[in-house]
Amino acid sequence: MVEQKMGLCWSYTEDQFENLEKHTQWGIEFVEKYTKFVKERSEIELSYAKQIRNLSKKYQPKKNSKEEEENKYSSCRAFLLTLNELNDYAGQHEVIAENLTSQIIADLTRYIQELKTERKSHFHDGRKAQQHIENSWKQLESSKRRFERDCKEADRAQQYFEKMDADINVTKADVEKARQQAQMRHQMAADSKNEYSAYLQKFNQEQNEHYYTHIPQIFQRIQEMEERRIEKVGQCMRTFAEVDRQVLPIVGKCLDGMTKAAESIEPKSDSKQVVEAYKSGFEPPGDVEFEDYGQAMKRTASESSLSNSRGDAKVEKSGNKSKGKLWPFMKKNKGSGSEDFSHLPPEQRRKKLQAKIDDLSKDIEKEMDKKDALVKMKDVYVKNPNLGDPNSVDQRLAETTQSIEKLQLEAQKFEGWLAEVEGRLPVKTEPPQRQSGLYETQTNTPSTNNCAQDRESPDGSYTEEQSAETQVKASTTEFDDEFDVEEETMPAIGTCKALYPFEGRNEGTISVMEGELLYVIEEDKGDGWTRVRRNEEEEGYVPTSYVEVFLDTNGKGAMTYI
């Protein structure tokens with residue numbers, strides 16, 4: 001009965017371990033499945049973000065294309081802002097994928113390995129405890145069988161002794177031998193009994209510890225392991241939702257930006273720009289009079305009407321078949337166009353000419369800045385030949401002067417065409433005055449009057465000569481040393497810090513000490529020198545590489561020295 005009970009207990013314990021092994025293995029597989037789920041979600045987020053970025057990039061306006069010009073309309077600008085916000089929106093999905101990988105996938109992957117190791121350790125301890133109690137039970141069973149066998153042997157030896165003692169035919173020696181044998185068997189039985197009793201006591205103690213201490217502790221650790229696993233999965237599920245929640249404010253800002261872009265669309269402004277862009281400048285034609293087949297068709301037209309340009313002779317030549325068309329339906333000249341944009345309607349031609357003049361003015365300004373820098377460089381080389389050869393600047397200076405003259409002639413030519421469109425005589429554009437006297441002597445030449453020779457005024461009577469005052473000024477102005485000419489105090493455009501000491505031994509330079517703070521009154525024009533001021537009396541040039549310049553961000557000339 002005891003053996004049957006013990007077998008049931010061990011079988012029950014073994015079944016419990018098998019059930020726990022299956023359950024804990026399922027728990028690990030569940031965590032692995034959840035990790036795989038999060039990984040696939042992360043891949044979906046990355047793929048979605050990539051597709052959104054590609055979509056945004058696909059619809060971005062291309063450079064030097066018609067789409068770039070369309071950005072002047074508020075609806076196109078709003079669409080561009082929406083694309084930019086959409087690109088930022090895609091970035092938030094990349095953040096979601098990154099956080100899912102770092103906060104969940106990497107964490108769970110590491111935790112699964114730790115969980116497998118811990119589970120293996122717990123079940124190893126359980127099997128070891130189970131094996132120990134089974135071995136102890138086997139020892140108890142062995143001592144018990146030995147005690148039983150020794151008791152039976154002692155009983156047989158006692159019966160044999162009694163039989164021998166009762167037999168009168170047996171010698172005394174045989175009886176004594178039987179008696180000693182019986183005593184020995186009784187002693188062996190007593191020893192077996194003591195051994196069995198000791199093993200029984202030991203087994204009961206170990207069994208009690210096994211079922212009430214060791215196994216419960218192992219089960220408790222397995223239970224705690226399972227609870228930690230479940231809690232870990234719960235934390236990851238909360239993180240899964242929190243990762244999305246963290247980017248919601250930024251996603252909301254992206255959506256707000258899209259809404260704001262949509263609200264910035266101004267239909268009236270866009271339509272007004274279309275009107276300005278395609279306004280022809282033509283006046284509508286006059287009314288069509290009744291056509292008498294006995295006479296040539298007469299038509300009252302405004303002075304600037306399209307049909308007026310055809311002339312009355314053309315109408316008479318056509319007989320009673322009028323070939324004039326109403327101005328909104330005139331076919332557009334699809335030719336390549338001429339340099340003076342004469343193929344365009346008056347208003348469009350005026351805009352194109354004005355834009356061309358503005359571009360040429362900017363180019364002239366750049367070339368004049370470059371020329372000033374070369375003049376300064378040559379002057380520095382003349383005063384200090386160690387820095388460079390002055391003659392090496394002449395070629396570049398001549399090229400720059402020639403380029404300025406060409407640009408000025410080009411600008412005057414477009415000014416003449418613009419004057420035609422605007423119905424006024426061409427106005428000669430005087431070149432902007434520069435501080436350098438060399439500019440006046442080299443640019444105020446008769447070559448600037450070529451515009452009058454290239455084009456005439458509408459009535460053919462346009463002539464323009466250089467004024468006597470300008471000619472006198474050009475003939476009498478001479479280039480003085482730039483560092484000796486008295487000028488008004490130039491405003492500071494920033495500050496600079498001397499990185500190295502510089503001894504201004506040459507005329508026009510100024511000595512500085514390392515770490516000294518100075519005011520910048522003129523930037524480096526490409527000659528390697530920056531003009532600085534220490535106070536109202538001391539100013540001059542220092543090498544640009546010797547100072548660290550901090551220009552005023554509010555605009556050139558906005559800062560004044562203290």
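The values are calculated or read from the model by the stated rules, or taken from the named source; none is laboratory data. As the structure is a computational prediction, the values presented were derived from the model and not from experiment. Here the Cβ is made from the backbone with ideal geometry for all residues, glycine too, and neighbour counts use every protein chain on show. We work out accessible area using only protein heavy atoms, side chains counted, and drop any ligands, DNA or RNA first. Shrake-Rupley method; radii C 1.70, N 1.55, O 1.52, S 1.80 Å.
Of the numbered criteria (1) more than 29 Å from R396 (Cβ to Cβ); (2) touching a residue at least 24 places away in the same chain (Cβ under 8 Å), the one M513 fails is (2). Taken over the range 110-162, the criterion of being in contact with a Phe, Trp or Tyr (Cβ under 7 Å, 6 or more places away or on another chain) and of a type in the set (A, V, I, L, M) is satisfied by L140 alone. For the range 416-427, the tally of residues that are crowded, with 20+ Cβ neighbours inside 10 Å and either of a type in the set (D, E) or at pLDDT 65 or above (or both) stands at 5.
In the condition set (1) at pLDDT 75 or above; (2) surrounded by 13 or more Cβ atoms within 10 Å (Cβ to Cβ), P267 is compliant with all but (2). Within the range 381-409, the set of residues being of a type in the set (V, I, T) and either at pLDDT 85 or above or outside any helix (DSSP H, G or I) (or both) comprises T400, T401, I404. Among the residues examined, V170 qualifies as more than 60 Å from the chain's Cα centre (by Cα), surrounded by 13 or more Cβ atoms within 10 Å (Cβ to Cβ) and not in a helix (DSSP H, G or I). Of all residues in the range 40-53, those that are among the polar types (S, T, N, Q) have Cβ atoms under 6 Å from Cβ atoms of residues that are crowded, with 17+ Cβ neighbours inside 10 Å, 6 or more apart or on another chain, in S42/A97; S42/L100; S42/T101. Taken over the range 490-505, the residue count meeting the criterion of being among the aromatic types (F, W, Y) and surrounded by 14 or more Cβ atoms within 10 Å (Cβ to Cβ) is 1.
Residues checked against (1) within 20 Å of H23 (Cα to Cα); (2) touching a Leu at 6+ places or on another chain (Cβ under 8 Å):
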position	(1), (2)
Q60	no, yes
T82	no, no
D88	no, no
A97	no, yes
I112	yes, no
K116	yes, no
H122	yes, no
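In the range 202-214 there is at least one residue matching the filter, namely being of a type in the set (K, R), part of a helix (DSSP H, G or I), open to solvent by 70 Å² or more (accessible area, probe 1.4 Å) and touching a Ser or Thr at 6+ places or on another chain (Cβ under 9 Å). Given the condition at pLDDT below 85 and outside any loop (DSSP other than H, G, I, E, B), answer yes or no: does some residue in the range 17-26 qualify? Checked against the condition, which is being at pLDDT below 85 and outside any loop (DSSP other than H, G, I, E, B), the range 17-26 yields at least one hit. Set side by side, the residues E227, E195 differ, and just one is of a type outside the set (G, A, S), open to solvent by less than 70 Å² (accessible area, probe 1.4 Å) and in a helix (DSSP H, G or I), which is E195.
The residue pairs whose first member lies in the range 226-242 and is touching a residue at least 12 places away in the same chain (Cβ under 8 Å), whose second member is assigned to a helix (DSSP H, G or I) and of a type in the set (K, R), and whose beta carbons are closer than 9 Å, counting only pairs six or more residues apart or on different chains, are F240/R41. Among the residues of the range 154-177, those that are of a type in the set (A, V, I, L, M, F, W, C) and in contact with a His (Cβ under 9 Å, 6 or more places away or on another chain) comprise A154, A157.
Checked against the criteria, Q131 does not count as part of a helix (DSSP H, G or I), open to solvent by 50 Å² or more (accessible area, probe 1.4 Å), more than 30 Å from K193 (Cα to Cα) and out of contact with any strand residue (DSSP E or B) (no Cβ under 9 Å at 6 or more places or on another chain). When the range 477-533 is filtered for residues that are more than 19 Å from M368 (Cβ to Cβ), of a type in the set (V, I, T), modelled with pLDDT of 80 or more and not in a strand (DSSP E or B), only I510 remains.
Among the residues of the range 76-87, is any more than 30 Å from the chain's Cα centre (by Cα), surrounded by 16 or more Cβ atoms within 10 Å (Cβ to Cβ) and of a type in the set (F, W, Y)? The answer is no, given that none of the residues of the range 76-87 is more than 30 Å from the chain's Cα centre (by Cα), surrounded by 16 or more Cβ atoms within 10 Å (Cβ to Cβ) and of a type in the set (F, W, Y). Looking at K371, K376, just one residue is touching a strand residue (DSSP E or B) at 6+ places or on another chain (Cβ under 7 Å) and either modelled with pLDDT of 85 or more or not aliphatic (A, V, I, L, M) (or both), and that residue is K376.
For Q60, the criteria (1) part of a helix (DSSP H, G or I); (2) open to solvent by 40 Å² or more (accessible area, probe 1.4 Å) hold in every case but one, which is (1).
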